[in-house]
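Colleague: Got a structure here, written out as structure tokens. Questions coming.
The values are calculated or read from the model by the stated rules, or taken from the named source; none is laboratory data. These figures come from a predicted structure and were not determined experimentally. Using ideal geometry, Cβ is built from the backbone for each residue, glycine included, and neighbour counts are taken over all protein chains shown. Just so you know, the surface numbers come from the protein's heavy atoms only, side chains and all, with ligands and any DNA or RNA stripped out. Shrake-Rupley method; radii C 1.70, N 1.55, O 1.52, S 1.80 Å.
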Amino acid sequence: MNRLIYIMGVSGCGKTTIGKLLAQELNIPFFDGDDFHPESNIAKMSSGQPLNDDDRQGWLDTLNNLAKKQIQETSCVIVCSALKQKYRDHLSRDIESKTKWVYLSGSFQQILERIYSRANHFMPSELLKSQFDILEEPKDALQVDISLTPEDIIKIIKSELMETSEFGLFGLGVMGKSLSRNLARNGFKISIFNRHVDGVEVNIAKNFKAQFPELSNASAFDDISAFVNSLQQPRKIMLMVNAGKTIDFVIDDLLPHLSENDILVDGGNSNYKKTKERIAYLKAKNIHFIGTGISGGEEGALKGPSIMPGGDKAAYKLVQAYLETISAKDRNGLPCCTYVGPEGSGHFIKMVHNGIEYVEMQLLAEISTIMEASGKNPDEIAAILDSWKENANSYLLDITASIFRKKEGEDWLVKKVLDKAGNKGTGNWTTIASAELGVPGTLIASALFSRYISFYKEERLLLNKTFKGVKSSKLNISTNEILEAYQFARIINHYQGFKIIAEASRSYSWNLNLSEISRIWTSGCIIKSTLMRDLVEIFMETSNLLTHPRLIKKIKKYRPSAKKVVSQCLLNDITTPALSESTQFFNGITTAYSSANIIQAQRDYFGAHTYKRLDDDSGKNHHTIWD
Ligand code: 6PG
């Protein structure tokens, strides 16, 4: 990756000399910021007047544009006083994570002496004081003492910037390993770490590095302190460890080795509330914390996952280039990685992503079961699913077709898999969040509870003997009707999932962009689909999917099939909770006068909870003695 090295400090600190030497050593172009001042600035400085912020605007823009243009071709060194943080922010705008700052520091006296000994400089030495007055020492720069010889200064800069790693990966499980290889393949100099546990986890990082040629430049560690010290400051460390308590243990292990402004990125499926707490906990210690969802499984992590970072935006800017580079790309070539929003919003949307994923999986399981009940064998089911790709393609549809085709000897492997579905908790959290936010995420709940029901295997076996179902030979549904019911339910699933996100955004003031969220889910992630692609445009026009003309048309077309499939399944004792719920939910959300009047009357009857009346616009609460 090309880098921009800014060398900064007050006038007279020697930055031009150091900058030229460094550029020469690294064989990259050198630019002196002073050469880009407009005439008016030079005249002002020469007449002994200091520049004000307005004078600097155009100049900072010029340098920032120069840097952005230059970095597309090659690395370079630019020297510039850049005394205030806002100047530095301006100079590194849009290229934050590709920018390295070197601060040449010296005392007023030391620099004054240098200036006196220098001829032909347009800045009179009296202006030095004003420079020191406005100097805000950078926190995230490599600070080098100007009393060292230029050769030593160059050595320090080179070893810090070139020999240390720019990004650290902590935890080499399946995802950590794939992400490390992805980062290394993209040309990033990384450090990788895995803990040492006697006799259990030994030399994991070193052995892993030895296994893959793309990791030849990576530094491998099982010692936390050495790992942290191998990283350039501010350090950027991605944690790929188990969600939950482990994250807190890891944070506490890392903390003594970290410095102010270092950035931790939690790439696991952490709970968004915990992420918010961790951000606050670390903020008090001046450490930044970014909670990022990462989707795509092992292969996605290796080839390009969908990445959903949330937290401090300024800190995100410093890891943006890494995350965007390793992410999947959408059909326009844009990274499937975007800054989601503050607090735990990145982890929140990853959680809802998983909720939507649970439903998509459940629906595929249900429609396959219906086909099976209609007498289709796994190969035939796979063929039908393949034929649906034209209109209803998705990653999950695709893998389900492959699953049905997989044989072990003469038998289909899928028929040998124990019918108890596991889960790691994100569907559970989405259901809780949905209830807490007051959003009817009924399909997610039904997909989650279907997994729970599956777990009651012994009880199911027992009860099956007592309550034998009817034979399903009387099923009267066409394959196309199943497809339409499936499509119907998927629209409802996405409606509900995005409703949860929209409500969280409103309730937590996250200002989330639904179109952008669907865009980063069009590639790299588990729920990528042609429907998701459509949503990118649809969400530009409305935040309510059920009001968009394109989806209204589809719903009207698919609904009769959905009703038929669900009722046929009910009559034939075929379990289709998610399909059924999609029709029930749709009935509910499209009912003008619901049965909630009766609930209100009941509440008022037994608890005097009061009710409002349709014929009283004042909104007053009424109470009645009902018997
Ligand atoms: C992904 C997946 C991934 C994983 C989850 C869900 O987006 O890559 O969602 O995060 O599959 O762990 O798993 P459970 O089904 O075990 O809850």
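Colleague: Would you mind stating whether Asn41 is assigned by TED's automatic domain parsing to the domain that holds Leu127 and either under 23 Å from Leu127 (Cα atoms) or not in a helix (DSSP H, G or I) (or both)?
Modeller: yes
Colleague: For region 327-343, what are the residues that are within 16 Å of the ligand (Cβ to nearest atom) and in contact with a Phe, Trp or Tyr (Cβ under 9 Å, 6 or more places away or on another chain)?
Modeller: Passing the criteria: Cys336, Val340.
Colleague: I need the full set of residues from region 496-551 which are assigned to a helix (DSSP H, G or I), within 19 Å of Asp330 (Cα to Cα) and hydroxyl-bearing (Ser, Thr, Tyr), in order please.
Modeller: Ser515, Ser518, Thr530
Colleague: Related question: Could you grab me the full set of residues in region 422-445 that are surrounded by fewer than 18 Cβ atoms within 10 Å (Cβ to Cβ) and within 15 Å of the ligand (Cβ to nearest atom)?
Modeller: Those that are surrounded by fewer than 18 Cβ atoms within 10 Å (Cβ to Cβ) and within 15 Å of the ligand (Cβ to nearest atom): Gly422, Asn423, Lys424, Gly425, Ile432.
Colleague: Could I ask something else about it? How many residues does region 242-273 contain that are of a type in the set (Lys, Arg) and touching a His at 6+ places or on another chain (Cβ under 8 Å)?
Modeller: Going through region 242-273 one residue at a time, the tally reaches 0.
Colleague: Do we have Glu324 as over 30 Å from Pro440 (Cα atoms), within 15 Å of the ligand (Cβ to nearest atom) and surrounded by fewer than 24 Cβ atoms within 10 Å (Cβ to Cβ) here?
Modeller: no
Colleague: Being among the acidic types (Asp, Glu), in contact (Cβ under 8 Å) with a residue 24 or more places away in the chain and open to solvent by 70 Å² or more (accessible area, probe 1.4 Å) is the filter here; which residues of region 567-623 pass it?
Modeller: The one that is among the acidic types (Asp, Glu), in contact (Cβ under 8 Å) with a residue 24 or more places away in the chain and open to solvent by 70 Å² or more (accessible area, probe 1.4 Å): Asp573.
Colleague: Can you find a residue in region 89-110 that is in a helix (DSSP H, G or I), farther than 25 Å from Leu323 by Cα and in contact (Cβ under 8 Å) with a residue 12 or more places away in the chain?
Modeller: yes
Colleague: How many of the residues in region 405-447 are within 33 Å of the chain's Cα centre (by Cα) and of a type in the set (Asp, Glu)?
Modeller: 2
Colleague: Could you run through region 35-66 and say how many residues are open to solvent by less than 50 Å² (accessible area, probe 1.4 Å), out of contact with any helix residue (DSSP H, G or I) (no Cβ under 6 Å at 6 or more places or on another chain) and closer than 28 Å to Lys158 by Cβ?
Modeller: The qualifying residues number 1.
Colleague: Residues in region 370-421 that are closer than 19 Å to Leu579 by Cα and open to solvent by 70 Å² or more (accessible area, probe 1.4 Å): how many?
Modeller: Of the residues in that region, 2 qualify.
Colleague: Now, a different point. Give me the residue from region 284-302 that is over 19 Å from Ile517 (Cβ atoms) and under 20 Å from the mean Cα position of the chain (by Cα) and, out of that set, surrounded by the fewest Cβ atoms within 10 Å (Cβ to Cβ).
Modeller: Filtering region 284-302 for residues that are over 19 Å from Ile517 (Cβ atoms) and under 20 Å from the mean Cα position of the chain (by Cα), the one surrounded by the fewest Cβ atoms within 10 Å (Cβ to Cβ) comes out as Glu299.
Colleague: For region 78-114, how many residues are of a type in the set (Lys, Arg), touching a strand residue (DSSP E or B) at 6+ places or on another chain (Cβ under 8 Å) and open to solvent by 10 Å² or more (accessible area, probe 1.4 Å)?
Modeller: 2
Colleague: Tell me yes or no: at least one residue of region 358-369 is part of a helix (DSSP H, G or I), open to solvent by 60 Å² or more (accessible area, probe 1.4 Å) and within 15 Å of the ligand (Cβ to nearest atom).
Modeller: yes
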